[in-house]
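Q: For reference, the structure I am asking about is given below.
The values are calculated or read from the model by the stated rules, or taken from the named source; none is laboratory data. Bear in mind that the values here come from a model prediction, so they are computed numbers and not experimental data. Note: ideal-geometry Cβ built from the backbone for every residue, glycine included; neighbour counts use all protein chains shown.
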Amino acid sequence: MELKNKTILFVSPEPWSHLFVSKHHYAIHLASRNNLVFFLNPPSSEWCIADTAYKHLKVLNYSGFWKGLYRLPKWLRAINLKQVYNKLEELSGGEFEVIWTFDNSVFFDLDVLPASILKISHIVDLNQNFQTEISAASANVCFGVNDAIVNRLKKYNSNSYLIPHGVTIHQAKKSSALPGKNKKKALYFGNLAMPHLNWNLMRMAIERFQQVDFILLGSNHQAVPLRKCQNLFLHDPVPASHLPSYMKAADLLYLFYTDTYHSSYATPHKMLEYLSSGKPIVSNCFANYTDKSDLIYQSDNHEKWMTNFEMALNEVDDIIVKERIALALDNTYEKRLDRIENIVNQRA
């Protein structure tokens with residue numbers, strides 16, 4: 001089966017918003033391949049359909065399933081799953097040919113849906129571990145972003161494959177101005193209310209590197225506990241396509257997570273976005289990038305992070321810049337979709 005000219009129900013645990021992560025990028029790239037994609041938001045209080053800024057891509061809202069559905073016997077939960085599925089088809093105005101779910105807490109019993117559709121379970125976070133056995137076993141094919149997730153899925157479905165995070169490459173035509181009076185600029189972007197951000201580490205860095213302006217670009221400014229620091233600046237979120245212009249203006253990019261991050265998430269989606277800029281990256285250690293220590297300044301403790309930050313500020317190697325960009329170009333969502341399509345076709 002080619003993943004072109006299909007009608008796809010895309011199930012996401014995160015809503016359609018300005019903050020794009022893997023689910024949003026896959027939906028956009030599938031729509032660009034002339035698929036009609038319906039992006040299903042997490043359950044809400046209404047049933048409705050809305051357009052997006054992208055051709056062939058619409059958003060569906062629905063009110064969810066019966067409470068405690070997973071506790072019901074299969075024959076009974078099948079009734080509600082089919083009801084909701086049929087109502088979503090009615091709302092979209094057609095029949096789905098593919099259900100592509102990133103959320104195994106909803107539509108987890110996929111074999112109650114029509115046998116004619118392709119059923120894909122795609123897990124990108126370690127904490128997305130709800131009805132894993134039922135969801136994986138009832139899918140035609142499963143994907144995970146790291147080995148730990150793939151091994152978990154393989155227990156229930158041998159057709160499970162590694163598909164790491166991808167990246168959408170946007171070209172920065174010019175630099176966007178970053179706030180602050182210092183010449184050196186360090187940039188982070190993302191949801192600032194994320195529970196795994198290491199604010200103690202951030203405080204140490206801001207105090208030690210007074211000659212650097214630290215910019216936090218994202219939503220939920222009220223969650224930042226360091227707003228009185230003179231060289232810390234909060235910037236409102238911008239569209240994903242604008243981020244390269246802000247990265248171009250920065251001297252380095254950074255990540256500052258607590259150890260609890262590793263028990264919930266596989267690897268940060270933004271790492272490849274950072275790499276696409278070519279700029280120095282100061283980061284925690286991540287299993288997916290242990291072999292990329294020459295491209296990413298990684299550390300597993302605060303003091304090493306500080307040492308790496310200073311080294312990154314003084315980086316002058318143009319070859320490393322090109323290697324970072326090349327790595328990102330090797331991992332685009334277009335290449336991820338080509339790989340997924342090949343796997344699906346091999347099974348056909």
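Q: Can you find even one residue in region 109-116 that is of a type in the set (Ser, Thr, Tyr), surrounded by fewer than 16 Cβ atoms within 10 Å (Cβ to Cβ) and assigned by TED's automatic domain parsing to the domain that holds Gln131?
A: Yes, region 109-116 has at least one match.
Q: Here is a further query. Look at Phe214 and say whether it is part of a strand (DSSP E or B) and without any contact (Cβ under 8 Å) to a residue 60 or more places away in the chain.
A: Numbers: part of a strand (DSSP E or B): yes; without any contact (Cβ under 8 Å) to a residue 60 or more places away in the chain: yes.
Answer is yes for this residue.
Q: Tell me, please, whether a residue that is within 22 Å of Ala205 (Cβ to Cβ), surrounded by fewer than 16 Cβ atoms within 10 Å (Cβ to Cβ) and modelled with pLDDT under 95 can be found in region 334-345. Walk me through it before giving the result.
A: Filtering region 334-345 down to residues within 22 Å of Ala205 (Cβ to Cβ) leaves none.
No, that holds for no residue.
Q: From Tyr274, Tyr261, which residue is in contact (Cβ under 8 Å) with a residue 12 or more places away in the chain, closer than 19 Å to His25 by Cβ, out of contact with any Phe, Trp or Tyr (no Cβ under 6 Å at 6 or more places or on another chain) and not hydrophobic (A, V, I, L, M, F, W, C)?
A: On the way: Tyr261 fails: closer than 19 Å to His25 by Cβ.
The unique qualifying residue is Tyr274.
Q: Let me ask you something else. Which residues, counting only those in region 21-37, are within 15 Å of Lys55 (Cβ to Cβ) and among the β-branched types (Val, Ile, Thr)?
A: Ile28, Val37
Q: Oh, and also: Only one of (1) closer than 24 Å to Asp147 by Cβ; (2) touching a residue at least 24 places away in the same chain (Cβ under 8 Å); (3) surrounded by 14 or more Cβ atoms within 10 Å (Cβ to Cβ); (4) small (Gly, Ala, Ser) is not met by Ala287, so which one is it?
A: Here Ala287 clears every test but (3).
Here is a yes/no grid of residues against (1) farther than 17 Å from Arg324 by Cα; (2) assigned to a helix (DSSP H, G or I); (3) modelled with pLDDT of 95 or more; (4) of a type in the set (A, V, I, L, M, F, W, C):
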residue	(1), (2), (3), (4)
His242	yes, yes, no, no
Met247	no, yes, yes, yes
Pro268	no, no, no, no
Ser276	no, yes, yes, no
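Q: Filter region 312-341 down to residues that are over 22 Å from Ile169 (Cα atoms) and either among the β-branched types (Val, Ile, Thr) or not assigned by TED's automatic domain parsing to the domain that holds Leu275 (or both), then give me how many there are. Before the answer, list the steps.
A: Taking region 312-341 and keeping what is over 22 Å from Ile169 (Cα atoms), we get 312-317.
With the extra rule that they be either among the β-branched types (Val, Ile, Thr) or not assigned by TED's automatic domain parsing to the domain that holds Leu275 (or both), the set shrinks to 316.
Number of matching residues: 1.
Q: Then there is this: If Ser299 satisfies all but one of (1) assigned by TED's automatic domain parsing to the domain that holds Ile206; (2) at pLDDT 95 or above, what's the number of the condition it fails?
A: Of the numbered conditions (1) assigned by TED's automatic domain parsing to the domain that holds Ile206; (2) at pLDDT 95 or above, the odd one out for Ser299 is (2).
Q: What are the residues in region 134-143 that are assigned to a strand (DSSP E or B) and free of Cβ contacts under 8 Å to residues at least 60 places away in the same chain, if any? Can you show your working first?
A: Taking region 134-143 as the starting set, the residues that turn out to be assigned to a strand (DSSP E or B) are 141-143.
Result: Cys142, single match.
Q: Let me ask something else about it. Restricting the search to region 222-247, which residues are under 20 Å from Ile206 (Cβ atoms), among the small types (Gly, Ala, Ser) and either outside the structural domain of Ala205 (by TED's automatic domain parsing) or surrounded by 17 or more Cβ atoms within 10 Å (Cβ to Cβ) (or both)?
A: Passing the criteria: none in range.
Q: Just for region 311-333: of the residues that are of a type in the set (Asp, Glu) and surrounded by 14 or more Cβ atoms within 10 Å (Cβ to Cβ), which one is modelled with the lowest pLDDT?
A: Going through region 311-333, the residues of a type in the set (Asp, Glu) turn out to be 315, 317-318, 323, 330.
Keeping just the survivors that are surrounded by 14 or more Cβ atoms within 10 Å (Cβ to Cβ) gives 315, 323.
Values: Glu315: 93, Glu323: 97.
Going through the qualifying residues, I end up with Glu315.
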